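What follows draws every value from the coordinates through simple rules; no lab data is involved. Just so it is clear, the structure is predicted and the values come from calculations on it, not from any experiment. Methodologically, a virtual Cβ is constructed for each residue, glycine included, from the backbone with ideal geometry; neighbour enumeration extends over all protein chains shown.
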Amino acid sequence: MTTSNTNLRRHPGLNLGPSHGKAHEEAESVVFGFWVFLMSDLVTFAMFFAIYATSIQATAGGPGNADIVDVTSIALQTGSLLISSLLFGVATVAMKYHSSKRVVILWLLASLAFGLCFLGLEIRDFIDAAEKGAVPMRSSYLSSYWALVGLHGLHVSVGSLMILVVCVQIAFFGFASDVKTRVLRLGLYWHFLDIIWIGIFSVVFLPGLLS
Amino acid sequence: MEHFIFGRLGWDDIAIFDVFRDPTASNIVGSSAGWLAVIGAVIVAALLLIKGWWKPLLFTWLNTTDHKKIGIMYIVVGLVMFARGVAEGVVMRSQYVTSYQGGYLTPDHFSELFSTHGTIMIFFVLMPFLIGFMNLLVPLQIGARDVAFPRLNQISLGFTIVGAMLLMISLVVGQFATGGWTGYPPYTGVAFQPGTGPDYWIWSLGLSGIGTVLTGLNFAVTIYKMRCPGMTFLRMPIFVWTALCTSILLIFALPPLTAVVIMQALDRYLDFHFFTNDLGGNMMNFANLFWMFGHPEVYILILPAFGLYSEFTAIFSGKRIYGYMSLVIATMAIAVLSFTVWLHHFFTMGQSPTINVAFGIATMLIAIPTGVKVYVWIATLWGGRIRMRTPIIYLAGFIVFFAVGGYTGILLANPTVNFAVHNSQFVVAHFHNVLLPGTLFAVLASIYVWFPKFFGFRLDERWSATAAWLFIIGFTFAFMPLYMVGLMGLPRRSPAFDDPSYIPYMIVTMVGALCVLAALCTLIGSFVVSALRRDTLAVPGGDPWDGRTLEWASPAPVPEWNFAFIPTVNSQDAFAKEKAAGTAYEIDCDTYEDVELSPTSWIGLNIIVFGTLFGFAMVFWIWWLAVLSALALLTHSIGLGFVRDKGEIIPASVIERTEKDWIALAAEGPGTERRDEVSPSNRGIAARISEA
Amino acid sequence: MNNKDERAHDLRMYFTGFIAAVILTALSFLTAILQPFGSVGIFASLAVLAAVQIAVHFRFFLHIDVSRQKREELQLILFTGLIILIMVAGTVWVLGNLMTRMM
Ligand code: HEM
Ligand SMILES: [Cu+2]
């Protein structure tokens, strides 16, 4: 019992049980490898943040930070992401405690729905900005703004696609151990994107409100 | 419509026809290179078809996920690209011989040459070589059956090949970049180079970069999670330590490159303004980002080479490595410090002296752990029973040259000196001085050392040693004079010069370059000669040099399952200890078990084909093709999650037979004395020496 | 602990994280909207709030803690933090300096 207990702590959302010795070892490697990937990705994001920071003043007379922020929309986007993350968490807990496939898939789809809300709002903001002339071709500042925020959006899109894929896999294979680790990794990815988003609203959007 | 189908690809882009359109010297050289690539490809294709080799190529090589085969493929890619890189080096030297008041190549062609040469040598020669050795050695040295993610490993190889293919295609269709391997904008921006060149650079680096990060990830996890019982961190062979540090560097240093490549692509394709001259773009951001990758990159290239040197220095001096702990600490110190020095590549960009001094000091600090390493190798040799085989010849060259390269590095790290020699031939001399003896010699020596392990026969000693001497002599003449030329004031990347006093130096370097070319031919000759004599050179026992670490504890070629049992170790140099104790060839377990190999996969081939098509389509703006290839890649990757292949099962009986044959071989005789190791009596079993 | 308790414990973890995250986000937004202090104060508090929220996400959503089983992940994250600090701070330092010298 003690061993299985620590295993449970180790990967909430993953319950391969003591009988899955080899599967568990593999899951360890896979999850650790995924962490490595996430951290490498984090450095990529950091570079986009750094370039953003160095080009805040490079607006070339075009629209700047203050001209593109729509606080309400950003707040809603943040909310969508947080709710989506919470729902994903609930889905993993459901998976861990042997809920039926249907239940888990439903939670995942709910999580996806909020992810899509986020994307919808973000795209609307991008369109608005473009209508105001704040296109990336306008200045170095806008280039870095679009690239940074867009990169996060791209990640969310990929994540959304993967949620769908994982749902199909659950439907196909049930909760085989590799499907479970995949859900777990996708969860890490999904929560990780929130951390990037904290950076984005703290560095990009909120400072835009300061007069 | 034509635009839709072919993008911006037109007849004029077919570079191999340039020579017919306008037969200048430059075009003759350029087109011949292209024709050589085409003819080479045709010959290879013909051989594959006629001899029926396509079958093993597809079904034992391209679909394999075995780390040993993948490692060999990396090294083959490296060798092919190395041949091209050396040829370009020689052509460039011949340009320098004639370039007093203008050489026989056009400036543009010369620029293309140094750009492809640099890009190839760094990304498609040295990187594949080292990653190849990581593949070959790491799982064996830590007592594992494969890397942590075998299929991912194949994916990495696929991406590396895509990059190399794009470079080869650029010989035939279109033109490669002329902005050097660093590709600095704004010169590489659309305003100055609207053509295909920088786009080739973007996609070959961008796509192969994906593969490289994944390799780093794979090996970090392998080394963290797959060590055999008893293999604590401090019992790992030095090469594994350096592979670990390199993997960490790959994981964290490639992202700045990815970022800079993405931004440059956005600038060129979508008219963004990261690095342009107008609308607030700032090319200094490029230099800064690029070197945040670029400096750790040079340590990515040198650390595994240090590891290789450490391994075979110990083997060929017949004693354990001196100062294991100090090597480990030095390796880790170098890995971390290498993230703090990138600015020394652009001391002259205009930042304040305070910043320059800070980075100059950080750079000089790296010399300390590096110096420690050189002393460690010397101390390992000291008092050892050194056998002057090919690897030790390379090692001797390395220690001398690397000291010189290191000193000039310290000179360059001093901002005031740097202002005088920045961007001069002095720098060319310096980096060839560290890269060739440092990394290239290590790899060539290691090919000699570990070739028998994976092919079952040794390389001919006379040919290999000749190649080593030719490399050393050629290197000396080809690059040492450039220090002088640099101090005399010739900038690097000069298509022409006006000072006749450079000419004698240029002739000497030309001779050196030809000598390197001869060395390369000798190296290839050594492979051919040895393959012909493979029966006399055979070492089925798998331990031709009296090796010390686990990779020698198996027959040669290494069986697909690596080890009959996952070994358990309780010291460093476990195999040497066991040999000294006389227990190396004993069966310590009597029930053999079936082994499941990692399943084969076609994702690698898919990446090679569609990745290359994607890159090509992006370079030539053939959007439909780009979308289709991207979709092909995407669907296959998603499909992977639905495939649940089992690997081939090797039955216990086969494993038992192989193991027992091997042990019987060891029991046959007393083994080979070290002084006879290059004689035909060496069958891969070492005579027992009591010292360990 | 039986299954049910564990389940409740796991769920509680996510909800605690969620509520903390919402509160911290709200504080960040309010700081920026109401601007209660001078600009230095605002930037400082935004930075602190972001850092705390990142820690909360790591703790409650990504389940990283200081326990022994999580040591490898934690080390990895901290090392990444160090590298990012070097790279981002270095970039801002160098490029900022270049910019002031070009003014
Ligand atoms: C084997 C014989 C070689 C010869 C004859 C040779 C020759 C040259 C020459 C003439 C240049 C141009 C220097 C200039 O800009 O004026 C050059 C550049 C360069 N070489 Fe080599 N080289 C050789 C091997 C290597 C190797 C093994 C490497 C391994 C890394 C290497 C890496 C580079 C790099 C990175 C550049 C800079 C390219 C650039 O300016 O962007 N070379 N080489
Ligand atoms: Cu450097």
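The table below gives the values:
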{"quantity": "Qualifying trypsin sites (Lys or Arg not before Pro) in the stretch B:351-413, DSSP loop, other Cβ atoms within 10 Å at most 14", "calculated": "B:ARG385"}
{"quantity": "Point-charge dipole on Cβ atoms (K/R +1, D/E -1) for the protein assembly as shown, about Cα centre, debye to 20", "calculated": "1300 debye"}
{"quantity": "Projected-area mean, the stretch C:1-63, by convex hull of Cα positions, square nanometres", "calculated": "4.4 nm²"}
{"quantity": "Length-normalised contact order of chain B in % [C-alpha pairs under 8 Å, at least 6 apart]", "calculated": "17 percent"}
{"quantity": "The protein assembly as shown: proportion of alpha-carbon pairs further apart than 50 angstrom, %", "calculated": "23 percent"}
{"quantity": "Contact order relative to length of the stretch A:26-210, as percent, for alpha carbon pairs under 8 angstrom and 6 or more apart", "calculated": "34 percent"}
{"quantity": "Distance histogram in 5 Å bins (all Cα pairs of the stretch A:153-211, percent per bin)", "calculated": "4, 17, 21, 16, 13, 9, 7, 6, 4, 2, 1"}
{"quantity": "Vicinal HN-Hα couplings computed from phi for the stretch A:167-182 (Karplus, 6.51 cos²θ - 1.76 cosθ + 1.60; Hz; Gly/Pro x)", "calculated": "4, 4, 5, 4, 4, 6, 9, x, 9, 5, 5, 6, 5, 4, 5, 5"}
{"quantity": "Fewest-first ranking of B:MET121, B:MET92, using other Cβ atoms within 10 Å as the exposure measure", "calculated": "B:MET92, B:MET121"}
{"quantity": "11 Å beta-carbon shell around A:ASP178, net charge (K/R +1, D/E -1)", "calculated": "+3"}
{"quantity": "Rounded to whole Hz, the Karplus (6.51, -1.76, 1.60) HN-Hα couplings of the stretch B:192-206, x for glycine and proline", "calculated": "9, 10, x, x, 7, x, x, 5, 4, 4, 4, 7, 5, 6, x"}
{"quantity": "Value of [θ]222 nm, deg cm²/dmol, for chain A, DSSP H segments ≥ 4, -39500 (n - 2.57) each, nearest 500", "calculated": "-27000 deg cm²/dmol"}
{"quantity": "Built amide H within the under 5 Å cut-off of B:PHE457, gap 5+", "calculated": "B:VAL539"}
{"quantity": "Cβ-based net charge around B:ARG268, under 14 Å, with every Lys or Arg adding one and every Asp or Glu removing one", "calculated": "-2"}
{"quantity": "Over 26 Å between alpha carbons, listed pairs B:LYS69/B:LYS660; B:LYS68/B:LYS660; B:LYS51/B:LYS646; B:LYS68/C:LYS70; A:LYS180/C:LYS70; B:LYS453/B:LYS646", "calculated": "B:LYS51/B:LYS646; B:LYS68/C:LYS70; B:LYS453/B:LYS646"}
{"quantity": "Charge dipole magnitude, Cβ of K and R +1, D and E -1 - the stretch B:53-538, Cα centre, debye nearest 20", "calculated": "1920 debye"}
{"quantity": "DSSP-assigned coil residues among trypsin sites (Lys or Arg not before Pro) in the stretch B:46-117, each with at most 10 further Cβ atoms within 10 Å", "calculated": "B:LYS51"}
{"quantity": "Residues B:CYS245, A:CYS167, sorted so that the one with the fewest Cβ neighbours within 10 Å comes first", "calculated": "A:CYS167, B:CYS245"}
{"quantity": "Crossing angle, helix B:324-337 versus chain B [Cα axis fit, 0-90 degrees, rounded to tens]", "calculated": "20 degrees"}
{"quantity": "Pairwise FRET efficiency - A:SER100 versus B:PHE59, Cβ, R0 = 35 Å, nearest 0.05", "calculated": "0.25"}
{"quantity": "Residue-wise HN-Hα coupling along the stretch B:470-475, computed from phi with Karplus coefficients 6.51, -1.76, 1.60 (Hz; x: Gly, Pro)", "calculated": "4, 4, 5, 5, x, 4"}
{"quantity": "Computed over the stretch A:40-150: relative contact order in percent, which uses C-alpha pairs under 8 Å that are six or more apart", "calculated": "42 percent"}
{"quantity": "Sorted by Cβ neighbour density within 10 Å, fewest at the top, the residues B:LEU470, A:LEU164", "calculated": "A:LEU164, B:LEU470"}
{"quantity": "Crossing angle, helix B:107-119 versus chain B [Cα axis fit, 0-90 degrees, rounded to tens]", "calculated": "30 degrees"}
{"quantity": "Tail weight of P(r) past 24 Å, computed on alpha-carbon pairs of the stretch B:195-315, percent", "calculated": "41 percent"}
{"quantity": "Normalised convex hull volume, the stretch A:61-211, alpha-carbon set, Å³ per residue", "calculated": "97 Å³"}
{"quantity": "At q = 0.07, 0.08, 0.09, 0.12 Å⁻¹, base-10 log of I(q)/I(0) for the stretch B:53-538 (Debye sum, equal scatterers on each alpha carbon)", "calculated": "-0.35, -0.46, -0.60, -1.13"}
{"quantity": "Whole-angstrom gap from the stretch B:173-216 to the stretch B:598-676, using each part's C-alpha centre", "calculated": "28 Å"}
{"quantity": "Amide proton proximity set for B:PHE497, modelled H, under 5 Å, gap of 5+", "calculated": "B:TYR100, B:GLN101, B:GLY102"}
{"quantity": "Rg/Rg_ref, the stretch B:43-125, where Rg_ref = 2.2 N^0.38 Å and atoms are Cα", "calculated": "1.52"}
{"quantity": "From the C-alpha gyration tensor of the stretch B:104-235, square roots of 5λ in Å", "calculated": "37, 13, 12"}
{"quantity": "Amide H partners (placed H, <5 Å) of B:SER424, local residues excluded", "calculated": "B:ARG492"}
{"quantity": "Centroid-to-centroid separation of the stretch A:26-82 and the stretch A:171-202 [C-alpha atoms, Å]", "calculated": "17 Å"}
{"quantity": "Gyration tensor over alpha-carbon atoms, the stretch A:53-123, equivalent ellipsoid semi-axes in Å", "calculated": "38, 11, 8"}
